[in-house]
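A quick write-up on the structure given underneath.
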């Protein structure tokens, strides 16, 4: 993967609105694996420098997504430990580590899904917001278990329509609502269930903007609000400022008026106090105290 | 106004998404005034029957809007009291009463706006949701008083764009957001301020869907949430079931999928406990106890 291919991959990653943080993290690792495999370098030092630069650039593309930071940091740490290797051996090691992390990330998601499905059980009416590949996998596994879905459009780009089409394929009875109707719809649901882009050290949730509103409404209506994500999505260092990505204002297709600033912040933060259950690949956590640090 | 003209007026009222409940109530009164003026009837009894039928039909068109019910009920009560009049005298009385109620409704809105403007004061950053003619009048009067606005698109029909264009004319600095961003934006506001379609007997608010979410976020962030509407919007009889109008699902322009029901409920209910101030033409009310029954 030469510089130009890498720049293209990075631009795609930055612009991607259709895939969640886990999926994009695995794509980053794949980009690094291919870089390690064939990026031009005269020796192992030059390769290591190039890979670490690319790693940093990929992390900076999507600052609201912890799994990119976490998985790439783990890969980088492994790279740093590989001293004294030939160029060829370093390439092989870096490729293997990336592929191994891709596998572990995928397995963590599958385990998380298995725990969620077991915990949810049969016949539930589940409200969610935004599109999450983890939630998709949960719905797929619940499709013969009398599950019903209530899903949002997810403005501005309406990724809820993609979710709706998958649920329709699986013949899951679904209601599609505007975000504005979340307060009405949550009262008829058994459970509000969302994925995550990032979990903060205190258990707070960074997810698509509007998630905080759903959590507030769920709490107000006495409906449980669960977060379902693998532990690669957790940020463990306290005190780091969380950057909430803002995307291009033109995505809203709103009129351009003098003195009017169109805002398109993609993420909001749901405080841990509004979350009634966390689910990850290791199990379920009902209180922050149970929640493994 | 013959039957066909009346049916047309009723269809327009039912389909109207651009005007608030006060404005539509005055249009209903105008329709009745024109009916009283020239609908064909052989005597005053027949005219009274016809007018009362039309009155009931207009009320049924927009069941979530109390001012239509209230103003038309008052007009009907007056009509009932006019016994023994000639056809001509009944026409004149019914027209006069309708015109008088239109005037009183307009004055009540203006007085409400005056109280709101005084209470808000200078230099405030105000977040609102949906389009309200009362709020429009408030912003117009605050335009030279360093006011800033944060407004929502208001899906599905984006009446927030109309609000944005008026605020731009008045050179009021404005941020336009998706409903999903209300939780983020409310934290930067001094005040959340909304109009009403209806106030329930306990002070709860029926307004455009999403208002409840804004109120929850305002409460969670410690931002005051005020409701500003004339007392014609209050329902006084307790125990009546509130019907929340659902409009045509095609307004969402969402894909039509098998097994997917697209919901388009226009109104939600914000409990009185989330409201920190009510403003009407008589003054301001900080607690339900102060709020004149």
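Tell me the helices (runs of 4 or more DSSP H) entirely within region B:81-192 that contain at least 3 residues that are over 22 Å from residue B:233 (Cβ atoms).
B:87-120, B:160-169, B:182-186
Considering only residues that are in contact (Cβ under 8 Å) with a residue 24 or more places away in the chain and surrounded by fewer than 23 Cβ atoms within 10 Å (Cβ to Cβ), look in region B:143-154 and name the one that is farthest from residue A:157 (Cα to Cα).
Restricting to residues being in contact (Cβ under 8 Å) with a residue 24 or more places away in the chain and surrounded by fewer than 23 Cβ atoms within 10 Å (Cβ to Cβ), the top hit is B:145.
Tell me which residues, restricted to region B:249-284, are in contact (Cβ under 8 Å) with a residue 60 or more places away in the chain and either under 13 Å from residue A:181 (Cβ atoms) or more than 18 Å from the chain's Cα centre (by Cα) (or both).
Passing the criteria: B:251, B:252, B:253, B:264, B:266, B:267, B:268, B:269, B:274, B:283, B:284.
Is there a residue being surrounded by 23 or more Cβ atoms within 10 Å (Cβ to Cβ), at negative phi and within 13 Å of chain A (Cβ to nearest Cβ) anywhere in region B:114-126?
Scanning region B:114-126 turns up no residue that is surrounded by 23 or more Cβ atoms within 10 Å (Cβ to Cβ), at negative phi and within 13 Å of chain A (Cβ to nearest Cβ).
Consider residue A:217 carefully, then state whether it is touching a strand residue (DSSP E or B) at 6+ places or on another chain (Cβ under 9 Å), more than 9 Å from chain B (Cβ to nearest Cβ) and in a helix (DSSP H, G or I).
no
Does residue B:205 count as at pLDDT 95 or above, within 14 Å of another protein chain (Cβ to nearest Cβ) and under 19 Å from the mean Cα position of the chain (by Cα)?
So residue B:205 fits the description; yes.
Can you tell me which residues in region A:160-171 are under 22 Å from residue A:218 (Cα atoms) and more than 7 Å from chain B (Cβ to nearest Cβ)?
Correct list: A:160, A:163.
Which one of these is over 30 Å from residue B:139 (Cβ atoms) and surrounded by 18 or more Cβ atoms within 10 Å (Cβ to Cβ): B:79, B:50?
Going through B:79, B:50 in turn, the sole match is B:79.
Can you report the number of residues in region B:82-103 which are at negative phi and surrounded by fewer than 17 Cβ atoms within 10 Å (Cβ to Cβ)? It would help to see each step written out before you state the result.
Taking region B:82-103 as the starting set, the residues that turn out to be at negative phi are B:82-83, B:85-103.
Narrowing the set further to residues that are surrounded by fewer than 17 Cβ atoms within 10 Å (Cβ to Cβ) leaves B:82-83, B:85-89, B:92, B:96, B:99-100, B:103.
Of the residues in that region, 12 qualify.
Output the number of the condition that residue A:246 fails; it satisfies all remaining conditions of (1) touching a helix residue (DSSP H, G or I) at 6+ places or on another chain (Cβ under 6 Å); (2) within 16 Å of residue B:179 (Cα to Cα); (3) surrounded by fewer than 19 Cβ atoms within 10 Å (Cβ to Cβ).
Tallying (1) touching a helix residue (DSSP H, G or I) at 6+ places or on another chain (Cβ under 6 Å); (2) within 16 Å of residue B:179 (Cα to Cα); (3) surrounded by fewer than 19 Cβ atoms within 10 Å (Cβ to Cβ), residue A:246 fails exactly one: (1).
When you scan region B:220-243, how many residues do you find that are away from every other protein chain (no Cβ under 14 Å) and either at pLDDT below 95 or surrounded by 23 or more Cβ atoms within 10 Å (Cβ to Cβ) (or both)?
15
Could you tell me whether residue A:145 is within 13 Å of another protein chain (Cβ to nearest Cβ) and either at pLDDT 95 or above or more than 15 Å from the chain's Cα centre (by Cα) (or both)?
No, not satisfied.
Look through A:195, A:210 and report the one residue that is away from every other protein chain (no Cβ under 12 Å) and in contact with a helix residue (DSSP H, G or I) (Cβ under 9 Å, 6 or more places away or on another chain). Show your work before the answer.
Working: A:210 fails: away from every other protein chain (no Cβ under 12 Å).
Within the list A:195, A:210, the selection yields A:195.
The values are calculated or read from the model by the stated rules, or taken from the named source; none is laboratory data. Please read all numbers here as calculations on a predicted model, not as lab measurements. Reconstructed Cβ throughout: ideal geometry from the backbone, glycine too, with neighbour counts over all protein chains shown.
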